[in-house]
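> Before we start, here is the structure in question, set down as structure tokens.
The values are calculated or read from the model by the stated rules, or taken from the named source; none is laboratory data. This one's a predicted model, so the numbers in the text were calculated from it and none came from an experiment. Note that we place each Cβ from the backbone using ideal geometry, even for glycine, and neighbour counts take in every protein chain shown.
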Amino acid sequence: MNENMMSLDTGPKSLKVFAKEIRQCNTIVFDGPMGVSEMPAFAEGTITVVELLAKATEERGAIAIVGYGDSVVAVNQAGLGDKVSHISTGGGASLEFLE
């Protein structure tokens, strides 16, 4: 990628890596969307990660902590707000609390 290009979403290869890692984790902190998720054309990466978090929570009892307003919007738009462990609109505050 050169300086005149912009990254707008996470690609399929990266999503495979994230999926593998999420399947191995018992605690996951998601603090920010994977791209410009407020634009439907670039929301696939964020939605995929949200689905992986919900699945890890539901199937394995993983703890999925979602922080940051745009991430919360994505989780709720996907209809999965009740499928993760904790949601906070305060991204920095959530990270500071965990610290």
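> Given the conditions (1) farther than 20 Å from residue 10 by Cα; (2) of a type in the set (A, V, I, L, M, F, W, C); (3) modelled with pLDDT of 95 or more, and given that residue 53 satisfies all but one, which numbered condition is not satisfied?
(1)
> Could I ask something else about it? So which pairs qualify, if the first residue must be in the range 58-75 and touching a residue at least 40 places away in the same chain (Cβ under 8 Å), the second must be crowded, with 21+ Cβ neighbours inside 10 Å and in a loop (DSSP other than H, G, I, E, B), the Cβ gap must be under 6 Å, and the two must be at least 6 apart or on different chains?
Close Cβ pairs (under 6 Å, with a partner that is crowded, with 21+ Cβ neighbours inside 10 Å and in a loop (DSSP other than H, G, I, E, B)) amount to 71/33; 74/33; 74/37.
> Residue check: is residue 58 touching a helix residue (DSSP H, G or I) at 6+ places or on another chain (Cβ under 8 Å) and within 15 Å of residue 25 (Cα to Cα)?
Taking the combined requirement at face value, the residue satisfies it.
> Then there is this: Considering only the range 60-82, how many residues are surrounded by fewer than 18 Cβ atoms within 10 Å (Cβ to Cβ), over 17 Å from residue 35 (Cα atoms) and of a type in the set (Val, Ile, Thr)?
Residues in the range 60-82 being surrounded by fewer than 18 Cβ atoms within 10 Å (Cβ to Cβ), over 17 Å from residue 35 (Cα atoms) and of a type in the set (Val, Ile, Thr): 1 in total.
> Looking for something touching a His at 6+ places or on another chain (Cβ under 8 Å), among the hydrophobic types (A, V, I, L, M, F, W, C) and surrounded by 14 or more Cβ atoms within 10 Å (Cβ to Cβ) - is there at least one such residue anywhere in the range 35-42?
Scanning the range 35-42 turns up no residue that is touching a His at 6+ places or on another chain (Cβ under 8 Å), among the hydrophobic types (A, V, I, L, M, F, W, C) and surrounded by 14 or more Cβ atoms within 10 Å (Cβ to Cβ).
> Which of the residues belonging to the range 15-40 are without any contact (Cβ under 8 Å) to a residue 24 or more places away in the chain and either hydrophobic (A, V, I, L, M, F, W, C) or in contact with a helix residue (DSSP H, G or I) (Cβ under 6 Å, 6 or more places away or on another chain) (or both)?
The answer is 17, and nothing else.
> Looking for whichever is out of contact with any strand residue (DSSP E or B) (no Cβ under 6 Å at 6 or more places or on another chain) and at pLDDT 95 or above here; the options are 38, 21. Which one fits?
Sole residue among the options that is out of contact with any strand residue (DSSP E or B) (no Cβ under 6 Å at 6 or more places or on another chain) and at pLDDT 95 or above: 21.
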